[in-house]
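One structure is given here, and the rest of the page talks about it.
The values are calculated or read from the model by the stated rules, or taken from the named source; none is laboratory data. What you are looking at is a predicted structure, and each value in this text was computed from that prediction instead of being measured. Cβ placement follows ideal geometry from the backbone for every residue including glycine, while neighbour counts extend to all protein chains displayed. Protein only, heavy atoms only, side chains kept; ligands, DNA and RNA dropped before computing areas. Shrake-Rupley method; radii C 1.70, N 1.55, O 1.52, S 1.80 Å.
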Amino acid sequence: MPFTMRGMSASARAAACSIFATALLGGVASAEDMPVLSADFTAAQTASAVAWQQQPLAFTAAKFIALPADSYGSYTPLEVAEFQSGDPLTVYAEPVGFSHKEMGDKYAIDLSVDFELRNTTGQVLASQDGFTVLHSESFNQIREYQTSLSFNLQGLQAGEYVLKVQFNDENSDKLGSFELPFSMKESPLQN
């Protein structure tokens, strides 16, 4: 039976709302009520932060995906990296080891992305420095960071290619890259 306040006096309705809100939201937690982090957990966090700073810019994932990712680790990888002319190439990447820039009470992540398209003999067919710039701000030093990049490479003939993507950390001198081989297939004949 649904909760109803019909027929209740004003003071009874106010009391019922207060009880209902407390039941839904719980009591207000104070700093004293918060659980204390264990010494082992705090030491692990400190060790992780040191390792992060020493880590060169690298990637825990870098692959072609079907559509832009919904969030960190939530994507649909392509089984085979085959495209037809006009298809966008969507790349999912999880960079690690980037630096955080302090901005008052926030931390910023600033990465620029370059790309290079080569054929199988190594000839550069297209490239662009500063293809895109990624910027993110948070009250915490985010380490689970992802991006989906879309490349619209028009006019590629059927054949094998390599897409090189380089991330440049604008808050340090770190850079990291990965290469993804793919093939362009003949477009079906249109009647």
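With every protein chain kept in the model, how would you rank His100, His135 by accessible area, 1.4 Å probe, largest at the top? Mind showing how you got there, number by number?
Working: His100 40, His135 95 Å².
I get His135, His100, largest accessible area first.
Mind checking segment 89-191 for chymotrypsin sites (Phe, Trp or Tyr not before Pro) that DSSP puts in a loop (not H, G, I, E or B) and that have at most 13 other Cβ atoms within 10 Å? Display every interim value, and only then the final one.
Working: sites: Tyr92, Phe98, Tyr107, Phe115, Phe131, Phe139, Tyr145, Phe151, Tyr161, Phe167, Phe178, Phe182; in loops: Phe98, Phe139, Tyr145.
Answer in residue order: Phe139.
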Problem set entry | Accessible-area value, Glu186, 1.4 Å probe, nucleic acids and ligands omitted, Å² | 140 Å²
Problem set entry | Surface accessible to a 1.4 Å probe, per residue, for the residues of segment 60-191, Å² | 56 Å²
Exercise. Using a 1.4 Å probe on the protein chains only, how many percent of the accessible area of segment 33-111 belongs to carbon and sulfur?
Worked result: 53 percent
Seminar exercise, completed: Label model pair Glu82, Val50: point-to-point distance (7 angstrom along the Cα→beta-carbon line) in nm is 5.1 nm
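Compare the peptides 83-91, 50-58 by average per-residue count of other Cβ atoms within 10 angstrom and give them in order, highest first.
Details: 83-91: 16.6, 50-58: 12.6.
Order by mean packing, descending: 83-91, 50-58.
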Exercise. Once a ≥ b ≥ c are taken as the square roots of the eigenvalues of the Cα gyration tensor of segment 57-191, is the result rounded (a/c under 1.5), prolate (a/b larger than b/c) or oblate (a/b not larger than b/c)?
Worked result: prolate
For this session: Can you spot the lysines whose alpha carbon is less than 20 Å from Lys174's alpha carbon? Ignore those fewer than 8 places along the same chain.
Result: Lys101, Lys164
Seminar exercise, completed: By accessible area (1.4 Å), largest first, Thr121, Thr46 order as Thr121, Thr46
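At a 1.4 Å probe, what is the % contribution of carbon and sulfur to the accessible area of segment 118-166? Can you show the working numbers first?
Numbers: 1230 of 2990 Å².
Reported share for carbon and sulfur atoms: 41 percent.
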Problem set entry | Low-density loop cleavage sites - GluC sites (Glu not before Pro) in segment 122-174, where at most 10 other Cβ are within 10 Å (DSSP) | Glu144
